[in-house]
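Since every read-out is calculated from the coordinates, none of them should be taken as a lab result. This structure is a prediction, so every number in the text was calculated from the model and none was measured. As a convention, Cβ positions derive from the backbone with ideal geometry for all residues, glycine included, and neighbour counts pool all protein chains shown.
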Amino acid sequence: MTTKKDQILDASLELFMKKGFDATSISDILAQVEIARGTLYYHFESKEAIMDAIIDRLIHQVLEKVQEVLTNHHLSHAEKFFAFFASMNLTQLTGSQEMLNYFNQPQNALFHEKSNQLMIENLTPALSQLIQEGITSGFYQTDFPNETAELILVCLSHFVDRDYQSLTPEVFEKRLESFLYNVSRMLHLSNSHYEEYRRLLFG
């Protein structure tokens, strides 16, 4: 059964996607959920707190998917690497392309930036663990697994993901190839491993 807190989050997210965060009022949320103001403030002290809770819930969903990847012994290390990033796909998590469209609207830049920042902070330890496994297995060579993990996530969120919907397929593919090439340099992938990663990414 859906809790009142989740009902507030679901309704708020729907309103944020339709109207934008700034244009959505507390009164809008109250009307959508059909609750008293006191009930909402029992769970959340402000609209910003609701936004934070929505982001936290999304990040928790991503972390659950990531943990499934890290503990999947049927995947090769290279497959785990790409499955890790596939776990961050908001469209798959929410079942809605609207979520991705929402994040890429100019009026929702604060929401997007805050979610990216928290995603990087929360996913860096998990990616660092995956990189450390790659070092142990002889795939990677780096003395800085944690820092490299953070750099990769920052690069992904600000170079590959940023405004990707406005890019032509050719430009987006070039960005992906550049991303993979630079990641391979940071991790000191061998030529054979690099080609394996290219096959997995581009087919």
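Counting charges near Ser128 (Lys, Arg +1; Asp, Glu -1) among other residues having Cβ under 14 Å from its Cβ returns a value of -4.
Per residue, the convex hull spanned by the alpha carbons of the stretch 1-45 comes to 65 Å³.
Pairs exceeding 21 Å between alpha-carbon atoms, taken from Lys18/Lys114; Lys4/Lys65; Lys114/Lys174: Lys4/Lys65; Lys114/Lys174.
Once you order the gyration tensor axes a ≥ b ≥ c over the Cα atoms, which shape class does the chain get: rounded for a/c under 1.5, otherwise prolate or oblate by comparing a/b with b/c? Note, shape of the chain comes out prolate.
Excluding the site residues themselves, the longest part of the chain lacking any GluC sites (Glu not before Pro) in a DSSP loop with at most 11 other Cβ atoms within 10 Å is 46-203. The calculated 222 nm mean residue ellipticity attributable to helices in the chain amounts to -23500 deg cm²/dmol, summing -39500 (n - 2.57) over DSSP H runs of n ≥ 4 and dividing by all residues.
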